[in-house]
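The values are calculated or read from the model by the stated rules, or taken from the named source; none is laboratory data. In this text the structure is predicted, and so the values were computed from the model without any measurement. Neighbour counts run over all protein chains shown; Cβ positions are idealised from the backbone, glycine included.
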Amino acid sequence: MAAPVIRFFRCALAAIGLTFSVLTASPAVAEIEMIAAPTDRGVSYHWWPKVTPPDGWHHDRNYSVHYSVNAIAPDGVYFDDAETVMYAKAAYKPREPEVKSLEMFIERDHKSFHADTRGLTIKETTALTTADGKRLRTFTFFPTQTGNWERVAYAEEGDYYLIFTISSRSQGGYEAASAAYESLLRGYREKAPAAPAGADATR
């Protein structure tokens with residue numbers, strides 16, 4: 001079975017070589033998970049939005065590192081083998097200086113994907129609300145002939161543009177997993193809620 005189609009415009013930041021110290025020094029960040037993975041050529045740094053997989057799904061660490069996204073697959077299946085997957089990507093703003101707003105980021109992403117994919121229809125659909133109460137613009141990317149069925153939500157938080165995607169090789173797979181994708185977005189928040197005053201932090 002072929003590997004999932006990952007938009008490499010969205011994954012290109014992983015190859016830039018931005019140092020981990022610069023990332024962690026950022027004054028305004030979303031809820032981003034950052035890891036350092038050893039390789040034959042040294043340490044490779046990766047970061048992505050921290051999300052809670054919905055019931056029946058799991059975070060696939062190996063493929064998250066491979067693609068530099070938060071790779072989420074159905075339980076019992078590897079990300080690359082699954083008919084339907086979800087993934088979340090964080091793009092670091094200082095490495096996209098020509099992009100001045102979320103609207104520009106969305107427009108650039110659409111143009112990039114249109115250029116690489118023939119027979120594609122992109123439409124804006126119902127916004128999704130996160131656990132923070134933020135409404136995210138979402139778009140469907142549907143093939144007119146063959147290709148992946150996708151829905152993409154965009155967000156802007158601190159020093160990052162965020163992208164949350166569901167991608168399926170079939171319309172049936174897309175429709176079956178849509179509720180789980182919406183659940184993933186409803187559970188996302190920029191920062192974890194603060195512990196109540198006087199709460200025992202050791203518990």
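Taken over the stretch 127-166, the criterion of being out of contact with any helix residue (DSSP H, G or I) (no Cβ under 9 Å at 6 or more places or on another chain) and more than 21 Å from residue 85 (Cβ to Cβ) is satisfied by 127, 132, 133, 134, 135, 144, 145, 157. Quick check, is residue 144 closer than 27 Å to residue 34 by Cβ, in contact (Cβ under 8 Å) with a residue 24 or more places away in the chain and surrounded by fewer than 19 Cβ atoms within 10 Å (Cβ to Cβ)? Considered against the rule, which asks whether it is closer than 27 Å to residue 34 by Cβ, in contact (Cβ under 8 Å) with a residue 24 or more places away in the chain and surrounded by fewer than 19 Cβ atoms within 10 Å (Cβ to Cβ), residue 144 comes out as no.
Within the stretch 113-124, can one find any residue that is surrounded by 15 or more Cβ atoms within 10 Å (Cβ to Cβ) and over 22 Å from residue 170 (Cα atoms)?
no
Considered as a group, the residues in the stretch 170-201 that are of a type in the set (Ser, Thr, Tyr) and touching a Leu at 6+ places or on another chain (Cβ under 9 Å) include one that is modelled with the lowest pLDDT, and that residue is 188. On the given criteria, is residue 129 farther than 23 Å from residue 169 by Cβ and surrounded by fewer than 17 Cβ atoms within 10 Å (Cβ to Cβ)? Considered against the rule, which asks whether it is farther than 23 Å from residue 169 by Cβ and surrounded by fewer than 17 Cβ atoms within 10 Å (Cβ to Cβ), residue 129 comes out as yes. Output the number of residues of the stretch 135-184 satisfying the condition of being part of a loop (DSSP other than H, G, I, E, B) and on the phi < 0 side of the Ramachandran plot. Total meeting the criteria: 7. Of the listed requirements (1) in contact with a strand residue (DSSP E or B) (Cβ under 6 Å, 6 or more places away or on another chain); (2) over 17 Å from residue 161 (Cα atoms); (3) surrounded by 15 or more Cβ atoms within 10 Å (Cβ to Cβ), residue 48 misses just one: (2).
For the stretch 48-69, a residue qualifies if it is in contact (Cβ under 8 Å) with a residue 60 or more places away in the chain and either among the hydroxyl-bearing types (Ser, Thr, Tyr) or closer than 23 Å to residue 93 by Cβ (or both), and the qualifying residues are 49, 51, 52, 67, 69.
Which one is farthest from residue 179 (Cα to Cα), of the residues in the stretch 37-46 that are out of contact with any helix residue (DSSP H, G or I) (no Cβ under 6 Å at 6 or more places or on another chain) and in a strand (DSSP E or B)? Give the derivation first.
Within the stretch 37-46, the subset out of contact with any helix residue (DSSP H, G or I) (no Cβ under 6 Å at 6 or more places or on another chain) is 38-44.
Next cut, in a strand (DSSP E or B) only: 38-39, 42-44.
Values: 38: 36, 39: 37, 42: 40, 43: 37, 44: 34 Å.
That would be 42.
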